[in-house]
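Structure first, then comments.
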């Protein structure tokens, strides 16, 4: 599998995981009065936008889907759900999200460097652009969520 195909698949999985987790938190908070809900709703819209872009790249470059990471998502969502059931404060939710964004930010930074270092002339900058945009979203979200700690 090419460097660009791997990055596109990673983007799809990363975005799906963020969308799934954020949607799950919103469902858990449905009847609660958390101030952080508006931020989460904006994240869902952003993730939906990025997922559409990633799927377009996947189609444009004819990238075939690999294994579904269902178990990984299930475990992450279950652990997150248990944490929120114990403490559904805005501070706790911000803490959970910051951990997720930080892991994503570190991984995206590494993948950007790897992609640039191994850039093939056939590989396109639109893939790198989306990766950098998602990386910036992670960094900005961390800063925004710190207000809730």
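Under Stokes-Einstein, with the Kirkwood radius over Cα pairs standing in for Rh, what whole-number D in µm²/s applies to segment 1-57 at 10 °C and 1.306 mPa s? Could the numbers behind the result be given before it?
Values: Rh = 12.3 Å.
Result for D is 129 µm²/s.
Which whole-number percentage describes the relative contact order of segment 3-148, with Cα contacts under 8 Å and a sequence gap of 6 or more?
With pairs under 8 Å counted, the relative contact order is 34 percent.
With label points built 7 Å along Cα→Cβ from the Cα atoms of residue 78 and residue 64, find their separation and express it in nm.
It is 3.1 nm.
I need the calculated FRET efficiency for the pair residue 6 and residue 52, taking r as the beta carbon distance and R₀ as 25 Å, to the nearest 0.05.
Details: r = 20 Å, r/R0 = 0.81.
The formula returns an efficiency of 0.80 here.
Write down Rg/Rh for segment 25-146, rounded to two decimals, with Rg from the C-alpha atoms and Rh from the Kirkwood relation over Cα pairs.
Radius of gyration relative to Kirkwood radius: 1.01.
Each reported figure results from applying straightforward, stated rules to the coordinates on display, with no laboratory input. Since the structure is predicted, the reported quantities are computational estimates derived from the model, not experimental observations. Note that each Cβ is placed from the backbone with ideal geometry, even for glycine, and that neighbours are counted across all protein chains shown.
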